[in-house]
Amino acid sequence: MTLKEHSYAALEDRLGHTFADRSLCEAALTHKSWLNEAPGGGRTDNERLEFLGDAVLALVVSDLLMKRFPDRSEGELSKARAVVVSEAGLARTAQGIELGQWIFLGRGEDQAGGRGKASILSDALEALMGAVYLDGGLEAARRVAAQLFASAIEDVETHTRHDYKSRLQERSQALLQATPQYRVVGQEGPDHDKRFAVTISLGGREYGRAVGRSKKEAEQSAAAQALAILEGDGEAAK
């Protein structure tokens, strides 16, 4: 099995990169199960390129995140990167370009649904990033990552922006060496429409009080209040 020229072109269009050496692309898409059934021929599987692509992704995604979120802390950026380049995150991105159809798989792996497996998809995408780097250099890898991971980075922004509890945990430890304490101080309403009142304290001082349809919602709202106060106090102390 070999990829036809138009197949390469279609994948390259989705990547935003035209390979000068298409054997790199072919190697990146070759799963070890395919070689087990068709050994020889000078082909290699994608594991070495996957190793390289993992490092390339860590660098280029870090760069993209730092440019997109110039005010985020190192901890927040690390969490965001972990989400984007996790197996699940890479698999979602791979599914977005329908990468599975181009992967060389052994018959048994193919029949077992390998083209949809998160592990195979994520490994192939990492290998492709390694191949792009070898073919076009770091700038080519950055351009491909910017195209492929644009929506994933925006999704992470939405998630981390609203995860006030995690952000408060980091900031309160850094500024006060204190851990946020949440307490449910009241609830009202019928079972199908309850409201929960929650307070949040840091070092014995109340920093926020909020009401929500669930304890989690109320805690997030209270954490947002506390974060605003805490960061305001930090600025005033400078």
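The table that follows gives values for the structure above.
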{"quantity": "Surrounding net charge for residue 90, when Lys and Arg each add one and Asp and Glu each subtract one, Cβ distance under 13 Å", "calculated": "-2"}
{"quantity": "Gain upon complete extension [residue 179, residue 88; 0.36 nm per residue less C-alpha separation]", "calculated": "29.7 nm"}
{"quantity": "√(5λ) per eigenvalue of the Cα gyration tensor, the range 59-208, largest first, Å", "calculated": "40, 22, 12"}
{"quantity": "Cβ-placed point charges (K, R +1; D, E -1), dipole of the chain about Cα centre in debye, nearest 20", "calculated": "680"}
{"quantity": "Highest average packing first - 7-17, 131-141, Cβ atoms within 10 Å", "calculated": "131-141, 7-17"}
{"quantity": "Candidates per GluC sites (Glu not before Pro) in the range 37-104, loop by DSSP, up to 13 other Cβ within 10 Å", "calculated": "98"}
{"quantity": "Above-threshold pairs, the threshold being 31 Å between Cα atoms, out of 117/216; 117/215; 32/67; 79/216; 67/194", "calculated": "117/216; 117/215; 32/67; 67/194"}
{"quantity": "Descending Cα extents along the principal axes, the range 119-197, whole Å", "calculated": "62, 38, 21"}
{"quantity": "Kirkwood Rh in Å, taken over all unlike Cα pairs in the range 10-98", "calculated": "15.1"}
{"quantity": "Trypsin sites (Lys or Arg not before Pro) within the range 177-235: DSSP coil, no more than 13 neighbouring Cβ in 10 Å", "calculated": "194, 213"}
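FYI, it's all coordinate maths here, none of it is from the lab. Worth saying up front: this structure is predicted, and the values here are computed from it rather than measured. Heads up, the Cβs are rebuilt from the backbone with ideal geometry, glycines too, and the neighbour counts pull from every protein chain shown.
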